[in-house]
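Enquirer: Dropping the structure in here first, questions after.
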Amino acid sequence: MNSVVPGDVQRISPRLTPRGGCKVTCRKGTLGLGADLAVQLLDVSLDGAGLTVREAVPVGTEVSLILEGPGNARPVKCTATIRSCEPADGKNHRIGVAFQKRLERVEIMSLT
């Protein structure tokens, strides 16, 4: 079941809570190289996502993401731009990203 994340009043597409067992990889740049910064996928929509990451990432930075649903779902690979970054707890940060290309509904369904 898809559950909508509260606070979605002005979004084009609603943020949805990912299913348990979803995995996310987040690397700076569009080549998918470098350290994986991702800790957790918090929410996802057709146009973007919220993640917890290990370090602050400047707004405007491009990142490569791999979103994996539970089971044998095909991973969703995409590039995105950081739109927000704020401290989440003592060491992690919460980022909001805007996908450079909108996800397909079937991709969202595999994650939520």
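Enquirer: How large is the helix-only mean residue ellipticity at 222 nm for the chain, computed as the sum of -39500 (n - 2.57) over DSSP H runs with n ≥ 4, divided by its residue count, in deg cm²/dmol to the nearest 500?
Expert: On the way: 1 runs with 7 residues, N = 112.
Dividing the helical sum by the residues of the chain leaves -1500 deg cm²/dmol.
Enquirer: Right, another one. If you average the alpha carbon positions of the stretch 78-112 and of the stretch 62-77, how far apart do those two centres end up, in angstrom?
Expert: If we compute the Cα centre of each part, the gap is 11 Å.
Enquirer: Okay, next question. Straight-line reach from K23: which lysines fall under 18 Å, measuring Cα to Cα and dropping same-chain residues less than 8 apart?
Expert: Of all the lysines, those that pass the test against K23 - Cα under 18 Å, at least 8 places apart if same chain - are K77.
Enquirer: Magnitude of the Cβ-charge dipole of the chain, K/R +1 and D/E -1, about the Cα centre, nearest 20 debye? Working shown, then result.
Expert: Working: 15 positive and 11 negative charges, 33 e Å.
With Lys and Arg at +1 and Asp and Glu at -1, about 160 debye.
Enquirer: Using Cα positions and a limit of under 19 Å, work out the aspartates and glutamates in reach of K101, with same-chain residues fewer than 8 apart set aside.
Expert: Output for K101: D43, D47, E62, E68.
Enquirer: Using a 10 Å Cβ count of at most 14 others and DSSP loop calls, identify the longest part of the chain lacking such trypsin sites (Lys or Arg not before Pro). Walk me through the numbers before you get to the answer.
Expert: Values: sites that count: R11, R54, K91, K101.
Between exposed loop sites, the widest span is 12-53.
No value in this document is a laboratory result; all are computed from the given coordinates. These figures come from a predicted structure and were not determined experimentally. Cβ: placed from backbone, ideal geometry, glycine included. Neighbour counts: every protein chain shown.
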